[in-house]
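Colleague: If you scroll down you'll find the structure; I have some questions about it.
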Amino acid sequence: MIKANTIDKINTQVEPEKSEEKVETQNLYLRLFSYGLPHKTPFLLGILLTIFGSFVTFFVPQINRYVIDVIIPAKQFNMLPWVAALILLMSLVGGILSFLQLYAIKIFGENTIKSI
């Protein structure tokens, strides 16, 4: 049976190691950040493309909601081909943005690795 004193000793021995690991991890992140800093343009471009792609992805269900809630109950069936074309266009734009985002992040990663 383990005594309470033994458990307290074990806990006090583990805590300093965790804080040392935390400092080492922070230093590692700072070092990696310093390698990637000169190549910030593709990284920022990838982030912006991710945000725009998220907006495009968000609008497709909103268009579907509008069709179900407004166009179909009002029996405006002449609008359906235009809405379908808009959904296809949004999907195409989302795919292009996704490709460009992956390409920008890939360029950032390759340039960062090359500078290491």
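Colleague: If you put +1 on each Lys and Arg Cβ and -1 on each Asp and Glu Cβ, how big is the dipole of segment 4-115 around its Cα centre, in Debye rounded to 20?
Modeller: Dipole about the Cα centre, nearest 20: 480 debye.
Colleague: Right, next: Can you order the peptides 26-37, 44-55 by their average number of other Cβ atoms within 10 Å per residue, highest first?
Modeller: Numbers: 26-37: 11.1, 44-55: 15.2.
Peptide ranking by packing, descending: 44-55, 26-37.
Colleague: If you don't mind, there's one more thing I want to ask. Note down the Stokes-Einstein diffusion coefficient of segment 4-115 in µm²/s, whole number, using a Kirkwood radius over alpha carbon pairs, 10 °C, and 1.306 mPa s.
Modeller: For the chosen part, D equals 86 µm²/s.
Colleague: Given a cut-off of under 8 Å on Cα pairs at least six residues apart, what relative contact order in percent is computed for segment 4-115?
Modeller: For segment 4-115, the relative contact order is 43 percent.
Colleague: Using mean Cβ contacts within 10 Å as the protection proxy, how do 61-68, 87-94 order, highest first?
Modeller: Packing order, densest peptide first, comes out as 87-94, 61-68.
Just so you know, all these numbers are worked out from the coordinates, no wet-lab data involved. Since the structure is predicted, the reported quantities are computational estimates derived from the model, not experimental observations. Note that each Cβ is placed from the backbone with ideal geometry, even for glycine, and that neighbours are counted across all protein chains shown.
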